[in-house]
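The values are calculated or read from the model by the stated rules, or taken from the named source; none is laboratory data. All figures in this text were calculated on a predicted structure; none of them were measured in a lab. Ideal geometry is used to build each Cβ from the backbone, glycine not excepted, and the neighbour counts take in all protein chains shown.
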Amino acid sequence: MNRLRVGIIGSGMAFEKLHYPAYQELADKYEIVAICDLDRFKAEKWATKIGLDLQNVYTDYREIAARKDIDLFDIMVPIEKNYEVTDAVASIAGKPIICEKPLAPNLKQARAHAELPRKYGIPIMIAENYRHNEEIEIIRDMVRTKKVGDIFYFIQNRVVNFPEDMLHDKFPAREWRQYADFRGGALLDTGVHDLAALRHIFGAVDRVQAFGREQMMNFAPYSVVCVNILFKSGLVGTFSFFSAGKEMQRPLIGLRIFGSTGMIYLEERDCGTINVSHNDGAHELIPYRPQRGYYNELLNFYQAAMGKEPISVTPEMEFGDAKMIFDVIKSIEEEKIIEVDRSYDYRPIYQPAEENDSYHHQL
């Protein structure tokens, strides 16, 4: 089996906690051959752990991008650098790219990022793991197959205790997140996951109406955001994102989907069980493996490289997710209802592998 040679750009927490464990599981499909980070000490530490010679360590992403023996680049840099670095690497290397979400710090760069596959003629996958998580896929299938009948509405409440988490070994502990140089702060960084999942389950969004409670903390302009969402299908729902405190009472509000014959309930991402309650009194507990999105997205990328399936989350798709965040902020600021998606269905850049195997040919 062919192993893809990977160049890592950015060896921070996303690599340590998310991507590297997935690469370890997929060691028969991927081989990390070079690593780049502005902090050379950190990059060298990882090179030693992985077993790389120090000649494969870089501090300038332009230098690693110039290597001809690398099949793809995995870019994990702060949000404000996502577009800049991805554009540069694509122009120099002309090789397939994995880029972390969200794809840009603002709408203008997000739109430009969505055009990069066409601009350079290369496949790019955005690592939006929620679109690959088992629980989201299961819920999506239950909605499509009408497991609880026709869906009337949903409610979702997401809580992130940023002020407390920044004091521990968690993602908010990074200074660039505490002093966010990207629109929306924690809402764009974390809330985009939840909205991507809702879009994956329910489809395109027609309009949003949002309200926010302003705060002076630098990690986000609003401590809480509440959004009314109308999907193109006619489904309505509410999403709330609280990033400045705790949800103390159990069970958590979580995601609750109300259908004509029952209800689907997911308390939180890591609980491992989806609850399905039927109107006739029957109750089902559906197990899943938490946080498998990182593995599944890398597996999808490999399958695309082998010409077996299309890339699931392209920059075009992730542009829709990011744009919805920017539309939510716009709705708050302008006190207006904002149109989100113009078309009913998402149309991917890449056709099924049998129709377009250009990625496979590149490797």
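Regarding region 129-143, can at least one residue be identified that is closer than 19 Å to Q303 by Cα and among the aliphatic types (A, V, I, L, M)?
no
Would a scan of region 56-75 turn up a residue that is within 24 Å of G185 (Cβ to Cβ) and not polar (S, T, N, Q)?
Yes, the conditions are met somewhere in region 56-75.
Mind listing just one residue for me: the one in region 102-135 that is basic (K, R) and surrounded by fewer than 24 Cβ atoms within 10 Å (Cβ to Cβ) and, of those, farthest from L255 (Cα to Cα)?
Top of the filtered list is K119.
Which of (1) outside any loop (DSSP other than H, G, I, E, B); (2) out of contact with any strand residue (DSSP E or B) (no Cβ under 7 Å at 6 or more places or on another chain); (3) of a type in the set (S, T, Y); (4) surrounded by fewer than 20 Cβ atoms within 10 Å (Cβ to Cβ) does S240 not meet, given it meets every other one?
Looking at each condition in turn, S240 falls short on (2).
Does region 84-95 contain at least one residue that is closer than 24 Å to D189 by Cα and in contact (Cβ under 8 Å) with a residue 60 or more places away in the chain?
Yes, region 84-95 contains at least one residue that is closer than 24 Å to D189 by Cα and in contact (Cβ under 8 Å) with a residue 60 or more places away in the chain.
State which residue is farthest from I126 (Cα to Cα) when the search covers only region 172-229 and only residues that are surrounded by fewer than 24 Cβ atoms within 10 Å (Cβ to Cβ) and among the aromatic types (F, W, Y).
Restricting to residues being surrounded by fewer than 24 Cβ atoms within 10 Å (Cβ to Cβ) and among the aromatic types (F, W, Y), the top hit is F211.
Residue-by-condition table, conditions (1) closer than 23 Å to F241 by Cβ; (2) hydrophobic (A, V, I, L, M, F, W, C); (3) assigned to a strand (DSSP E or B); (4) touching a residue at least 12 places away in the same chain (Cβ under 8 Å):
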position: R256; (1), (2), (3), (4): yes, no, yes, yes
position: E268; (1), (2), (3), (4): yes, no, no, yes
position: Y294; (1), (2), (3), (4): yes, no, no, yes
position: N300; (1), (2), (3), (4): no, no, no, yes
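Could you tell me whether L167 is in the same structural domain as F231 (by TED's automatic domain parsing) and surrounded by fewer than 16 Cβ atoms within 10 Å (Cβ to Cβ)?
Answer is yes for this residue.
Which residue is modelled with the highest pLDDT, if the candidates are limited to region 333-349 and must be over 19 Å from V225 (Cβ atoms) and exposed (fewer than 13 other Cβ atoms within 10 Å of the Cβ)?
Filtering region 333-349 for residues that are over 19 Å from V225 (Cβ atoms) and exposed (fewer than 13 other Cβ atoms within 10 Å of the Cβ), the one modelled with the highest pLDDT comes out as R342.
Among the strands (runs of 3 or more DSSP E) lying completely within region 116-233, list those that include at least 2 residues that are among the charged types (D, E, K, R).
Correct list: 205-214.
Hey, can you tell me all the residues within region 305-332 that are of a type in the set (A, V, I, L, M, F, W, C) and either out of contact with any His (no Cβ under 8 Å at 6 or more places or on another chain) or modelled with pLDDT of 95 or more (or both)?
Listed by number, the residues that qualify are I311, V313, M317, F319, A322, M324, I325, F326, V328, I329, I332.
Among the listed residues I79, I155, I64, I138, which satisfies the condition of being buried (at least 20 other Cβ atoms within 10 Å of the Cβ), touching a strand residue (DSSP E or B) at 6+ places or on another chain (Cβ under 7 Å) and either touching a residue at least 40 places away in the same chain (Cβ under 8 Å) or in the same structural domain as V224 (by TED's automatic domain parsing) (or both)?
I64
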